[in-house]
Amino acid sequence: MSKNEKILNNTLALYIRLLVTVVLNLYATRILLKNLGVEDFGLYGALAGVIALFSFFQTALSNASNRFLNIEMEKGTISYIQKIFSTAFFLHIFIALFFCILIKIFGALVINFFVKLPIEKINIALQVFNLSILSLFFLVITIPFESILMAKEKFGIYALISVLDVTLKLVLAYALIFLPHDKLLYYASGFVCIVFLIRLTYVVYSQLNIVEARVKFHIDNDFLKKIINFISWDLYLSFSKVFKVEGIMLLMNNFFGLIAVASVKISYQINAALYSLSGNLLVAVKPQLMRSYADYDVDRMNVLTFYSAKYSYYLMLIFCAPIILNIDYIMKFWLGSPPDYAKVITVFVLISSLIEVVFEPIVILIHATGNVKKYCFLTGTVIFLSVPLVYFIFKFGFDYHYAYIVYALNTTLAAFLNLWIAKKMINDFDVSKFFMNVLVNIIITTSTIILILKAIAEFVIVSDFVGFLIIFMLETLVVISLIYGLGIEKAHKKLVKSYLKSKIKCYFRSN
């Protein structure tokens, strides 16, 4: 199997996973909102925001594990990979213990002094907070096992585990209907159990099927220094990203209340589902992009960067454009009575993600170098400053939506800063081709899509579900057709056609 076919197979597995998980996640959110109520749903969102504010180290550890396992998997021996895997595992345990203790100490202070809660909810909020810390601990210590699954490109197994995860969470959301009181506490308890079971599945599978994941009681000091140096800088950037997302949400809580938090959480839920459309392609490409850099394969490095950027954007745009145009009807149908602010916040968050996803392969490329000091400091500082800016905007009496205008503009500034940093660090990275092959193509295609969809919207009014489905499918087909005609190159059209034909032939032969 060629490298490109492997990427296509991995992407297909991830998109089957996506189809199932998105449907189940969105439905689970509807059930959870109904069973918990808007206030408890918002409370859980606020507490999750506090946890996320302190759990920035999780992203840094994940980035470090992915980077080093992908690079070493290409050139290291099995015994050496076992050593660095074991070193990473023990480091994750130590860091998880350290940060979870810090979160326990300082998180309670944040809840008491910075989160606006009804007095009768404070006790249950602290109990849910403690359970959330336990979930975070299980997540962090098992990051190396998930990372090595990615490095070995075992995306079929990853997809199955993800489907199991969301299925159990849907069952948990449904089960709340049978509980007369303290539903939020029971939900948090069940959530911990699900996290433990799913993460244990990663560990057991890795131990049984991936020889490089066999834990040895050994620490490689040279590798430990490398990964700690990488993590120390990435921690600042990860904190800045979490601070932007959760800090703005906490400011929304303080200035506009728990209903505003519920609106933000719903927008993030939709964004997470749509971002997965592009994220799956990036997950499939990431191991090979990092290895092409490690092998000094400049041509393949540039090709993977350009086309993963462009096609990940288009994969997200296929559904993003129709959803933004029909956001009013979708919110009412999905949630019944959607919280105030949800519609506008969702639109700005989706636009931000569309911008971010184009430049995500650039971030993967920077991580592949292992030299992340300049990137983490400069980009992290730009992202960090968005929260003080939003605070002053609210203080001066501006409305809630200005926070997410700042959110989108800040994402754009950080994205172009990353592009500049990548060129400074990697001389062989072709910025001019990135502009022409990716950005110019995206601008032309997106502008055409917007004009045609706007024209369709002028003549159509959605009044019922059947009408919505017809219009949504029509708009989606228009977007796909325009992307295919304007956004995809002839060589890639041939590759996709050939791949689909081979899969169809295999299917009919097996039957």
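Overview of results
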quantity	calculated
Unique match (being free of Cβ contacts under 8 Å to residues at least 40 places away in the same chain and either out of contact with any Lys or Arg (no Cβ under 8 Å at 6 or more places or on another chain) or closer than 30 Å to Lys454 by Cβ (or both)) among Asp340, Asp299, Asp295	Asp299
Any chance Leu91 is farther than 17 Å from Ser189 by Cβ and either in contact (Cβ under 8 Å) with a residue 40 or more places away in the chain or open to solvent by less than 20 Å² (accessible area, probe 1.4 Å) (or both)	yes
Qualifying position, being part of a helix (DSSP H, G or I) and under 21 Å from the mean Cα position of the chain (by Cα), among Leu170, Leu200, Leu185, Leu176	Leu170
Test: residue in segment 191-204 that is more than 30 Å from Val38 (Cα to Cα) and in contact with an Asp or Glu (Cβ under 7 Å, 6 or more places away or on another chain)	yes
Verdict on Phe217 being open to solvent by 20 Å² or more (accessible area, probe 1.4 Å) and part of a helix (DSSP H, G or I)	no
Among the residues listed as Pro361, Pro287, Pro339, the single one being buried (at least 22 other Cβ atoms within 10 Å of the Cβ), not hydrophobic (A, V, I, L, M, F, W, C) and not in a helix (DSSP H, G or I)	Pro339
Cβ-Cβ under 7 Å pairs, at least 6 apart or on other chains, segment 160-183 side within 14 Å of Arg30 (Cβ to Cβ) and among the aromatic types (Phe, Trp, Tyr), far side modelled with pLDDT under 85 and assigned to a helix (DSSP H, G or I)	Tyr174/Ile31
Only one of Phe348, Phe384, Phe377 that is under 17 Å from Phe239 (Cα atoms), under 21 Å from the mean Cα position of the chain (by Cα) and open to solvent by 20 Å² or more (accessible area, probe 1.4 Å)	Phe384
Every pair of residues 6+ apart whose Cβ atoms lie under 6 Å, when the first sits in segment 214-232 and is in contact (Cβ under 8 Å) with a residue 12 or more places away in the chain while the second is among the hydroxyl-bearing types (Ser, Thr, Tyr)	Val215/Ser86; Lys216/Ser86; His218/Ser86; Ile219/Thr87; Asp220/Thr87; Phe223/Thr87; Leu224/Thr87
Scan of segment 77-88 for residues that are open to solvent by 20 Å² or more (accessible area, probe 1.4 Å) and closer than 12 Å to Asn221 by Cα, ordered by number	Lys83
Condition met for Ala272 (under 29 Å from Leu451 (Cα atoms) and under 19 Å from the mean Cα position of the chain (by Cα))	yes
Unmet criterion (only one of (1) under 18 Å from the mean Cα position of the chain (by Cα); (2) open to solvent by 20 Å² or more (accessible area, probe 1.4 Å); (3) among the basic types (Lys, Arg); (4) over 16 Å from Met331 (Cα atoms)) for Lys265	(4)
Residues of segment 419-431 satisfying the condition of being farther than 13 Å from Thr305 by Cα and either among the hydroxyl-bearing types (Ser, Thr, Tyr) or over 25 Å from the mean Cα position of the chain (by Cα) (or both)	Lys424, Met425, Asn427
Matching residues in segment 353-373 - criterion: being without any contact (Cβ under 8 Å) to a residue 60 or more places away in the chain and closer than 30 Å to Pro322 by Cβ	Leu354, Glu356, Val363
Residue list for segment 114-170, filter: among the small types (Gly, Ala, Ser) and buried (at least 17 other Cβ atoms within 10 Å of the Cβ)	Ala125, Ser132, Ser135, Ser147, Ala151, Ala159, Ser162
Segment 413-433, subset surrounded by fewer than 16 Cβ atoms within 10 Å (Cβ to Cβ) and either among the polar types (S, T, N, Q) or in contact with a Leu (Cβ under 6 Å, 6 or more places away or on another chain) (or both), residue farthest from Val261 (Cα to Cα)	Asn427
Residues (open to solvent by 40 Å² or more (accessible area, probe 1.4 Å) and assigned to a helix (DSSP H, G or I)) located in segment 387-396	Pro388, Leu389, Tyr391, Phe392, Lys395
Residue in segment 429-465 that is farthest from Lys332 (Cα to Cα), counting only those that are of a type in the set (A, V, I, L, M) and outside any helix (DSSP H, G or I)	Val460
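The values are calculated or read from the model by the stated rules, or taken from the named source; none is laboratory data. The structure presented is a predicted model; accordingly, all values stated were derived computationally and were not measured. Cβ sites come from the backbone with ideal geometry, for glycine too, and all protein chains shown count toward neighbours. Just the protein is used for accessible areas: all its heavy atoms, side chains included, with ligands, DNA and RNA removed. Shrake-Rupley method; radii C 1.70, N 1.55, O 1.52, S 1.80 Å.
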